[in-house]
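Please treat every number below as a calculation from the coordinates, not as lab data. From a predicted model like this one, the values you see are computed outputs, not experimental measurements. Cβ sites come from the backbone with ideal geometry, for glycine too, and all protein chains shown count toward neighbours.
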Amino acid sequence: MARPVSFDREEVLGRATRAFWERGYCATSVSDLVEATQLQPGSLYAAFDSKQGLFLAVLDHYAQQTVGRLRQRLAEANDPLQGIEAFFNGLVAERADRRRRGCLLVNTVLEMGRTNSEVQGRVARHFGEIETALRNALERARDDGVLADGRSPAVLAKFLMTTIWGLRVLGSTGASARDAGQVVTEALSVLRD
């Protein structure tokens, strides 16, 4: 009887994330994943069914971290708009650590979003979670009287999502943190009176 595979799932997902992030899905081979994760092919397939199964698990893991950071910033802030500002400022700060890799979710849409419906659906679901968290925060800001008058939380949430995507692409072009910060300042200026 075969011995069950044992490994630290978080560590394996972190290593696989870096491999996919550096090369993209299509250019990352199973050999690359074996080297990155330090698991044998049989163990990878036993745990994740396929390369795509591992990639979907990576996307889920990455998105959970992003949504977690957003929720944390919102929970720690004095008001919802400060939480949104802190989240966006965090995006600017972390871009320096990404070495022009951009956002894994955005990169995935650009690489294969139109050719793989399962991946497209997964990414859309994760973007939806982020947008919903932003919309909920904006609704609270409206209810608290800190959102600019006449602004629609639903429309602003879509606007902020578009800004996130743009920032992620801008970061992958090597734009400076100063440039990204100026974009964030301008984008967030529409939230307050």
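Here is how the numbers come out for the structure above:
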| item | result |
| --- | --- |
| Residue list for segment 149-164, given a label point 7 angstrom along the Cα-to-Cβ vector of Asp179 and an amide N cut-off under 14 Å | none |
| Student exercise, segment 21-75 dipole from Lys, Arg, Asp, Glu Cβ charges, in Debye to nearest 20 | 340 debye |
| Percentage relative contact order, segment 60-191, counting C-alpha pairs under 8 Å, at least six apart | 32 percent |
| Among Leu138, Pro153, Leu170 the positive-end extreme of the charge dipole of the chain (Cβ point charges) | Leu170 |
| Label-point separation, Val30 to Thr115 (7 Å along Cα→Cβ), nm | 2.0 nm |
| Principal axis dimensions, the chain - Cα atoms, whole angstrom, descending | 65, 34, 30 |
| Rounded to whole Hz, the Karplus (6.51, -1.76, 1.60) HN-Hα couplings of segment 187-192, x for glycine and proline | 5, 6, 5, 6, 7, 10 |
| Residues Lys158, Lys51, sorted so that the one with the fewest Cβ neighbours within 10 Å comes first | Lys158, Lys51 |
| Dipole magnitude (debye, nearest 20) for the chain, charges at Cβ of Lys, Arg, Asp, Glu | 380 debye |
| Pair Ala154, Glu10: separation of 7 Å Cα→Cβ label points (nm) | 3.8 nm |
| Fewest-first sequence of Tyr45, Tyr62 by Cβ atoms within 10 Å of each Cβ | Tyr45, Tyr62 |
| The chain: most fluctuating residue of Leu59, Leu39, Leu134 per GNM, C-alpha cutoff 10 Å | Leu39 |
